[in-house]
Amino acid sequence: MVEQREIMNDHPDERRTVSFEETLTALLTTPSAGEKITHLTSLAAMNGRRAIPHLIAALRDDDKTVRASASALLTRIGEVAIPELAAVQKDQWWVVRYRACEALGEMKNPQTLPHLRRSVQDERDHVRYMAAKGLGSLGNPAAIEDITPLLDDENPYVRDMAERAIQSLRG
């Protein structure tokens with residue numbers, strides 16, 4: 001893994017190397033959403049496995065774009081992020097659970113199936129929606145059984161996603 005990155009200095013012809021630790025410090029001290037996203041992206045590129053806890057923490061950020069970027073980066077990191085994403089599916093904040101389901105579903109990895117299955121019963125409709133979407137993207141018809149109860153969900157968006165996921169799984 002590359003544990004450093006090259007950045008521009010004030011002068012366009014000058015570059016310097018920045019370590020994982022320096023990038024992490026910059027991430028933790030900036031209030032700017034754009035800079036946080038840049039630092040998270042750099043951390044993931046330098047060492048995806050080592051960046052996972054910081055990306056998980058970013059799922060709790062106040063800024064929606066930071067949370068979305070963290071989810072996308074966890075998706076790209078892939079299989080090694082599954083255990084930590086599964087763990088935050090029990091988070092108190094539904095937004096974290098939603099983003100965890102999003103990342104798990106976007107991975108399209110069969111190992112995410114049991115984690116997405118649990119989330120179809122989440123108390124929050126947004127999480128149920130994302131769990132249905134993720135299950136539909138896995139391509140495993142066995143998930144139809146888990147999604148079917150969502151056809152009667154109180155939320156029309158969840159019902160619609162459940163229907164689309166089942167249609168997708170039936171081919």
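Calculated on C-alpha atoms, the gyration radius of segment 37-171 divided by its Kirkwood radius gives an Rg/Rh of 0.98. With everything on Cα atoms, drop me the angle between helix 33-46 and the longest principal axis of the chain, reported from 0 to 90° to the nearest 10. Tilt of helix 33-46: around 90 degrees. The angle between the Cα long axis of helix 48-58 and the longest principal axis of the Cα atoms of the chain comes to about 70 degrees, rounded to the nearest 10.
Is the C-alpha gyration tensor of segment 31-110 telling us rounded, prolate or oblate? Criteria: a/c under 1.5 is rounded; beyond that, a/b larger than b/c is prolate, otherwise oblate.
Numbers: a/c = 1.81, a/b = 1.16, b/c = 1.56.
The shape class here is oblate.
Per residue, the convex hull around the alpha carbon atoms of segment 91-171 comes to 72 Å³. Per-residue 3J(HN,Hα) values for segment 66-75, derived from phi via the Karplus relation 6.51 cos²θ - 1.76 cosθ + 1.60 with θ = phi - 60°, read 5, 4, 5, 5, 4, 4, 5, 5, 5, 4 Hz in sequence order (x marks Gly and Pro). Cross-link partners of Lys36 among lysines, defined as those whose alpha carbon lies under 17 angstrom from its own and excluding same-chain residues fewer than eight positions apart: Lys64. Estimated purely from DSSP H runs of n ≥ 4, each contributing -39500 (n - 2.57), the mean residue ellipticity at 222 nm for the chain is -19000 deg cm²/dmol once divided by its residues.
Helix 125-138 versus the longest principal axis of the chain: what angle, 0 to 90°, nearest 10, using Cα atoms? Taking Cα atoms only, the helix is inclined about 90 degrees.
With a 1.4 Å probe and all protein chains in place, put Tyr98, Tyr157 in order of accessible area, largest first.
Working: Tyr98 50, Tyr157 165 Å².
Result of the area sort, largest leading: Tyr157, Tyr98.
For segment 76-128, the relative contact order comes to 35 percent (Cα pairs under 8 Å, sequence separation of at least 6).
Taking amide H as placed 1.01 Å from N in the peptide plane, Val18 has its amide H under 5 Å from the amide H of Arg5, Glu6, Ile7, each at least 5 places away in sequence or on another chain.
Calculate, for the chain, the solvent-accessible area per residue in square angstrom, rolling a 1.4 angstrom probe over the heavy atoms of the protein chains. Working shown, then result.
On the way: 9240 Å² over 171 residues.
Per residue, the chain has an accessible area of 54 Å².
Per-residue Karplus couplings for segment 164-170, computed as 6.51 cos²θ - 1.76 cosθ + 1.60 with θ equal to phi - 60°, are listed in order as 5, 5, 5, 4, 4, 6, 7 Hz, Gly and Pro entered as x. Peptides 70-80, 100-110, 143-153 ranked from most to least packed, by the mean per-residue count of other Cβ atoms within 10 Å: 100-110, 70-80, 143-153. With the highest mean first, a sort of the peptides 121-133, 53-65 on other beta-carbon atoms found within 10 angstrom per residue produces 121-133, 53-65.
The values are calculated or read from the model by the stated rules, or taken from the named source; none is laboratory data. This structure is a prediction, so every number in the text was calculated from the model and none was measured. When we count neighbours, we look across all protein chains shown, and the Cβ atoms used for this are built from the backbone with ideal geometry, even at glycine. Surface accessibility is based on the protein's heavy atoms, side chains included, excluding ligands, DNA and RNA. Shrake-Rupley method; radii C 1.70, N 1.55, O 1.52, S 1.80 Å.
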